[in-house]
Amino acid sequence: MRKITVIGTGYVGLVTGTCLANLGHEVTCVDIDEERIDALNDGHCPFHEPGLLSLIKSNLLEKRLRFTTILKKAVHHAEAIFIAVGTPENEDGSADLSYVKSAVQNLSPYINDGTLIIIKSTVPPGTNQKVREWMQSDSGRTFHVVSNPEFLREGSALHDFFYGDRIVIGSTDNNAGRFLEDIYSKINTPFLQTDPLSAEMIKYASNAFLATKISFINEISSVCGDLGADIEQVAQGMGMDSRIGEQFLRAGIGFGGSCFPKDTKALVQVAQETGHPFKLLSAVMDVNERQKNLLIDKALKRYGSLKGKHVAVLGLAFKPNTDDIRESPGISLIKRLQKLGSIPIAYDPVVKNIPYCAVNNSIHEVLSGADFAMICTEWPSISDLPLDVYENTMKEAVLFDGRNCYAREDFEGRTIEYHSVGRQPYEGLITNKQSIKFKLL
Ligand SMILES: NC(=O)c1ccc[n+]([C@@H]2O[C@H](COP(=O)([O-])OP(=O)(O)OC[C@H]3O[C@@H](n4cnc5c(N)ncnc54)[C@H](O)[C@@H]3O)[C@@H](O)[C@H]2O)c1
Ligand SMILES: O=c1ccn([C@@H]2O[C@H](COP(=O)(O)OP(=O)(O)O[C@H]3O[C@H](CO)[C@@H](O)[C@H](O)[C@H]3O)[C@@H](O)[C@H]2O)c(=O)[nH]1
């Protein structure tokens, strides 16, 4: 059992702190946001993450987990301090390290001799060295700085913590690395011990590669759509090759969230600074921007103008199982619809309030007044919605599906008009003609 402090109670800090407490450590989580700490102490989780709230509550009860805003108290006995504050993007796309800098400078007067400082936040290569300099200037005590990037995904964060693919430990000091291994020793995940620069780079390279895989399949989907091939079949066939793998081959309206958009931009900046323009990654970002406009471009082609159209926007979170709307493709779609003079109304099973447009709890009500619907997030309550609901609720059932929730065969005999990603549109049965037949647009 170790005495651990976690600085920052965002996704990464709260999940890390709670899971470490669950492994038996004594954990104190610190945040500068008083409201957040009060809410956590009252047993509320600040965001939607399956399983997290009950784990917080059980560890609070066992007194293995504490929340505070008082840094001195939290750091005083700590053997290891995890830094999990945000690293948002600067205007030029580079990572803003001001939260990391301020966090480590604030804690350095209070640390014990020999404390392990662990950088969990996603930071550019070279930050480990900077952290040592920022702390050195203020503190006469000895300490070790280890880079330990986080790979959890929102929506499956607990599973990813306990059953991750690897734990990367970047350290110049073998004992410090071993101390961190000991903290994680109850987790059966392989360790990769490396130097800090490589550890920092592994995080950016991993996110950039996954983002590249998504933009690649989205590019293939555009060609498929024009040719008449089916992207779902193509992705399945590609994924069966174990060298390619089936994950991250879901074509759609692009990647969002607080990581891929920010981290790809930051890596482009890092590469630029080393004198190596990362053309491939710049293209990945361009493709993603284009992809976010895909559904509206299809609707414009279909209707000519979207002015005055009532649009049901289904899904606001950047992906299912989270209430995070940071860089959500659904939000950028709403903003563009409004610029075009449309009237969007949204449904999401967990996001209930956004400043951009009305949100309704009932998917049926959202559909009933709409000229057409657009799927942005594949929550089960959206992706499993029977097609009858569209046919029976809407004046004219027209669906633009940005996450390919339905299979082609689902449409046999239906009157719904269906546009998806990388597949031919389906116009539905032509019911007003004497001979009933299918027609592909
Ligand atoms: N969100 C994810 O799924 C995820 C996954 C892996 C890595 N990361 C990386 O982890 C880092 C944190 O991400 P997040 O989504 O948890 O961030 P977040 O923005 O949700 O939360 C950061 C928290 O840190 C607090 N904070 C800021 N400065 C502080 C200080 N000086 N002392 C104490 N608390 C302070 C803020 O109040 C906030 O609550 C980022 O670098 C991110 O790129 C995020
Ligand atoms: O085949 C796919 C897979 C994902 N996405 C989109 O990509 C985005 C990101 O999805 P995901 O990776 O599941 O979510 P995040 O929680 O952002 O997790 C990523 O970003 C984290 C922060 O760095 C990392 O820790 C994780 O390993 C990395 O997967 C979402 O908008 C998804 O809709 C697709 O469009 N197609």
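Do we find a residue being farther than 19 Å from Pro425 by Cα and either crowded, with 18+ Cβ neighbours inside 10 Å or of a type in the set (Lys, Arg) (or both) anywhere in region 291-300?
Our first condition is that a residue be farther than 19 Å from Pro425 by Cα; within region 291-300, this holds for none.
So far as region 291-300 goes, no, none of its residues is farther than 19 Å from Pro425 by Cα and either crowded, with 18+ Cβ neighbours inside 10 Å or of a type in the set (Lys, Arg) (or both).
Just wondering, is there one or more residues in region 133-145 that are touching a helix residue (DSSP H, G or I) at 6+ places or on another chain (Cβ under 7 Å), within 16 Å of ligand 2 (Cβ to nearest atom) and either in the same structural domain as Phe47 (by TED's automatic domain parsing) or in contact (Cβ under 8 Å) with a residue 24 or more places away in the chain (or both)? If you could, list the steps in order and put the result at the bottom.
To start, the set of residues in region 133-145 that are touching a helix residue (DSSP H, G or I) at 6+ places or on another chain (Cβ under 7 Å) comprises 134-135, 138-139, 143-145.
Filter again for within 16 Å of ligand 2 (Cβ to nearest atom), leaving none.
No, the conditions are met nowhere in region 133-145.
Taking the options Pro355, Pro344, Pro320, Pro349, name whichever one is at pLDDT below 95 and not in a helix (DSSP H, G or I).
That would be Pro355, the only listed residue that is at pLDDT below 95 and not in a helix (DSSP H, G or I).
What's the number of the condition Ile32 fails, among (1) away from ligand 2 (no atom under 16 Å from the Cβ); (2) crowded, with 17+ Cβ neighbours inside 10 Å; (3) aliphatic (A, V, I, L, M)?
So the condition that Ile32 fails would be (2).
One line per residue, one yes/no per condition, for (1) in a helix (DSSP H, G or I); (2) without any contact (Cβ under 8 Å) to a residue 40 or more places away in the chain:
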residue: Gly245; (1), (2): no, yes
residue: Ser258; (1), (2): no, no
residue: Ala271; (1), (2): yes, yes
residue: Leu280; (1), (2): yes, no
residue: Val287; (1), (2): yes, no
residue: Gln291; (1), (2): yes, no
residue: Leu306; (1), (2): no, yes
residue: Leu316; (1), (2): no, no
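Is it the case that Leu306 is touching a Ser or Thr at 6+ places or on another chain (Cβ under 8 Å), among the hydrophobic types (A, V, I, L, M, F, W, C), more than 16 Å from ligand 1 (Cβ to nearest atom) and in the same structural domain as Phe248 (by TED's automatic domain parsing)?
Spelling it out, it is not the case that Leu306 is touching a Ser or Thr at 6+ places or on another chain (Cβ under 8 Å), among the hydrophobic types (A, V, I, L, M, F, W, C), more than 16 Å from ligand 1 (Cβ to nearest atom) and in the same structural domain as Phe248 (by TED's automatic domain parsing).
Considering only region 1-99, give the helices (runs of 4 or more DSSP H) lying wholly within it that have at least 2 residues that are β-branched (Val, Ile, Thr). Spell out the reasoning first.
Working: elements: 11-22, 34-41, 52-61, 71-75.
Output list reads 11-22.
Any chance you could count how many residues in region 360-396 are in contact with a strand residue (DSSP E or B) (Cβ under 8 Å, 6 or more places away or on another chain) and in a helix (DSSP H, G or I)?
6
Please tell me if Leu158 is surrounded by 13 or more Cβ atoms within 10 Å (Cβ to Cβ), within 24 Å of the chain's Cα centre (by Cα) and not in a loop (DSSP other than H, G, I, E, B).
yes
Which of the following residues is within 14 Å of ligand 1 (Cβ to nearest atom), of a type in the set (Gly, Ala, Ser) and either within 27 Å of Thr189 (Cβ to Cβ) or modelled with pLDDT of 95 or more (or both): Gly13, Gly51, Gly24?
Gly13
The values are calculated or read from the model by the stated rules, or taken from the named source; none is laboratory data. Computed from a predicted structure; not experimentally measured. Cβ sites come from the backbone with ideal geometry, for glycine too, and all protein chains shown count toward neighbours.
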